[in-house]
1. Take the stretch 189-232 and flag every residue that is surrounded by fewer than 16 Cβ atoms within 10 Å (Cβ to Cβ) and under 24 Å from the mean Cα position of the chain (by Cα).
2. So which of A497, A445, A480 ends up being surrounded by 18 or more Cβ atoms within 10 Å (Cβ to Cβ) and touching a residue at least 40 places away in the same chain (Cβ under 8 Å)?
3. Tell me yes or no: at least one residue of the stretch 692-701 is in a helix (DSSP H, G or I), over 26 Å from F543 (Cβ atoms), over 32 Å from the mean Cα position of the chain (by Cα) and not basic (K, R).
4. Hey, can you tell me all the residues within the stretch 532-553 that are in contact (Cβ under 8 Å) with a residue 60 or more places away in the chain and more than 13 Å from the ligand (Cβ to nearest atom)?
5. Look through L439, L444, L457 and report the one residue that is within 16 Å of the ligand (Cβ to nearest atom) and farther than 30 Å from N410 by Cα.
6. Considering the stretch 593-604 alone, what residues qualify as being more than 10 Å from the ligand (Cβ to nearest atom) and either surrounded by fewer than 21 Cβ atoms within 10 Å (Cβ to Cβ) or at pLDDT below 95 (or both)?
7. Considering the stretch 609-633 alone, what residues qualify as being hydroxyl-bearing (S, T, Y) and near the ligand (Cβ under 9 Å from one of its atoms)?
8. Has the stretch 639-654 got at least one residue that is in contact (Cβ under 8 Å) with a residue 24 or more places away in the chain, more than 16 Å from the ligand (Cβ to nearest atom), buried (at least 16 other Cβ atoms within 10 Å of the Cβ) and within 21 Å of D530 (Cα to Cα)?
Amino acid sequence: MSRYTSSIESILALETGKKPGQATTAELYNAVSKAAVEAADPAWKEEKPGKRACYFSAEFLIGRMIYSNLLNLGLLRETADWLKEKGTDITVFEDIEDAALGNGGLGRLAACFLDSAATQGVALDGYGIRYRYGLFKQTFEDGFQRETADDWQRFGDPWSVRRETEKVQVRFGDQTVWAVPYDMPVIGYGGKTVNTLRLWQAEPLQPFDFTLFNEQKYDEAYREKNEAEAISSVLYPNDDTEAGKRLRLKQQYFFSSASIRSILKAYKRTHGSDFSHLPEEYAIQLNDTHPTVSIAELLRILAGEEALPFEKAFSIAERVFAYTNHTIMAEALEKWDARLFMSVLPDVYPYIVMVNDRLRRDLLARGIEGAAQEPYRILSGGLVHMARLAIYAGHSINGVAGIHTEILKNTALREWYALWPERFNNKTNGITQRRWLALANPELAAFITEKVGDGWLTDLSKLKGLEAYQDDSAVLDAFAAVKLEKKQQLAAHIQKAEGVSLDPSFLFDIQVKRLHEYKRQMLNALSILDLYFGMKDGRIRDFYPTAFIFGAKAAPSYFRAKAVIKFINEIARLVDGDSAVRDRLKVVFVQNYNVSYAEKLTPAADVSEQISTAGTEASGTGNMKFMLNGAVTLGTYDGANVEIVGQAGEENNYIFGARVEEIAALETSYDPKAIYRSDARIKRLLDTLLDGTLDDGKTGMFEELFASLTEKTWNRADQYYVLHDFHAYMDTKLRVNRDYAQNRAAFTKKCFLNTANAGMFSSDRTILQYAQEIWGVPMV
Ligand SMILES: *Cc1c(COP(=O)(O)O)cnc(C)c1O
């Protein structure tokens, strides 16, 4: 028995008094996890010399930690063997909840960055919020989305250590709370643990005392406890209401202020009150605008509490902060009502005013005055413009894919680019190959290692070596056999989880991502309906049997997105109930799409659906996961799709639809109602929303969906150009189907070349670019 496994047994004995054979899954999980943390290098707990980068993010969509940590520690096999010996299969840990402290791509990016930085020796710590409840759990009832709370700590949280001595106070206008850090070692590949993820939990100043006998005091203390805990209770609450907005602003300031304080605390231990070296010791990356208030907080502490001249404080902040933009549409950039801001953060607001004044002087000096200042002002129209604050008071702003950064420079933020072009740079997103290939697809990983060695685990560009085999039919057959195996595994899982049976010999066409109008799940849905009618009418023959698989959560208050879910579930029911098409068409919408589900779905796709309206998806990372696992992309010229086809070749993917410039040119002339009236095929599809073909249970959902595509509602009719791109999409989808049916070897080769060219989409590459081009942190 190794030291590691004997440590598992002694932790188990100590904490539960049980032997491994008697322990519950939760008990085993806790013991294994704690033994793994013990086995890791303890360096993460210590203060380290040298410059550190800090990744401030309101979201970390980590997923299940146990398998990836064991993989990175090199203990996955040993743990599985040990468990087997004790009569348990390591898959029991699939019962452990994902840590879903994020909504989607932005939060998952943060998690991939942590893995990559730890692996590549980049000194990067994460800072965020320890939400009591993460992203809601989704089920379907009669095809409608239902949400329940995500109690992710149900089995405990053995990876975190509460750091009582490092807690700090955070002050709002109407309350003061403790921010208590829970630290997690970030375990990189090879067991490197030089980095920490610090998540803050809000607690009342006075520990709640249940024995308070004075009724009034009891009520007061109870209220204080609830109001404090509310701050880190749920992943950003619904911000439709005033209270929701207030709470969200409090969350942003809560983790920003606590993180800045803890950084300054560590800094002062070596530099005392000489803050001039701060930019040599720390770089802070703002993941979108959510943590931008930390700029004002740093200014408040330096200029207010530490009495530095404002200019000096500003110059320090400018060199410390850098900002990542994730939004293309200028109108979607985050803004706060100035009065709300003032009331929640009265001590911070004056520093927003001072920065705004400085900006105005700066603009004047450049000859920009009056109305020309409007696109720059941080305070304007009674709003605080967070992105403007981040750009002005930092030294770097980056987009997350080449096309996105170009749009920022030329359109969304062109006024800023004109004045500060040197601040703009691109960092195309990436994904960690440890989770998304080694862990999610060990079969493909073994295949690749056999061909090109295992260097790809830490240097994904090694995949390029696969290209040498592109005409070797035995190799391509083996590659295709892996795909079939992953499809069989997914089918078995879907059978178990959804009660739906899939035939693995079908083509698997998958669209999984958050549900949003711009991502156009509706376009996919309409295309399936068109296939259905085409088959019924005899217009479509020789269609290779295809399973269309969806997974997506809709924000609880996003009525239209929920309608799309219901619509797709109704299409699934229609198709399933029709014996004339059942052998060629299958539709399934899986419940509760999350990181763990993504790990099963991505390796099993033949076709990856990436069909957002051109100019709306900043980058996407789901597209990269599919590419890496050998799927072709059926997509628009948007986000990182552009770079995916740039790497793997347009001929090995399926690009369709209007490009950014065409969309821009359409803006004023677009008339979807005219398309509806004149195009019989489209009319028939949309009419299913009204004529009873599909049933929304009298909710009015389908009628609203119909209106969204044909009438002006609170936004333009069909604002994402679903009808415009429909025929191009249909034609391309049918071409994919023909290619798959008629020349499987050629199709497999396309898939293979996608894997071989996925090297640049490793988040290792991305994080090294951040480290070298923005942060200037040394490798450790
Ligand atoms: C990768 C990932 C995303 C992001 O997907 P996109 O297709 O880039 O929007 C969202 N959710 C989960 C669970 C993921 O793993």
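1. Answer for the stretch 189-232, where residues must be surrounded by fewer than 16 Cβ atoms within 10 Å (Cβ to Cβ) and under 24 Å from the mean Cα position of the chain (by Cα): there is none.
2. After ruling out the rest, the residue left standing is A480.
3. Scanning the stretch 692-701 turns up no residue that is in a helix (DSSP H, G or I), over 26 Å from F543 (Cβ atoms), over 32 Å from the mean Cα position of the chain (by Cα) and not basic (K, R).
4. From the stretch 532-553, those in contact (Cβ under 8 Å) with a residue 60 or more places away in the chain are 533, 540, 542-544, 546, 553; that's our starting set.
Within the stretch 532-553, F533, I540, D542, F543, Y544, T546 qualify.
5. Numbers: L444 fails: within 16 Å of the ligand (Cβ to nearest atom); L457 fails: within 16 Å of the ligand (Cβ to nearest atom).
Only one candidate passes the filter, namely L439.
6. Matches in the stretch 593-604: K600 only.
7. S612, S619, T621
8. Within the stretch 639-654, one or more residues are in contact (Cβ under 8 Å) with a residue 24 or more places away in the chain, more than 16 Å from the ligand (Cβ to nearest atom), buried (at least 16 other Cβ atoms within 10 Å of the Cβ) and within 21 Å of D530 (Cα to Cα).
The values are calculated or read from the model by the stated rules, or taken from the named source; none is laboratory data. Quick caveat: nothing in here was measured; it's all calculated off a predicted structure. Positions of Cβ are backbone-derived with ideal geometry, glycine not excepted, and every protein chain shown enters the neighbour counts.
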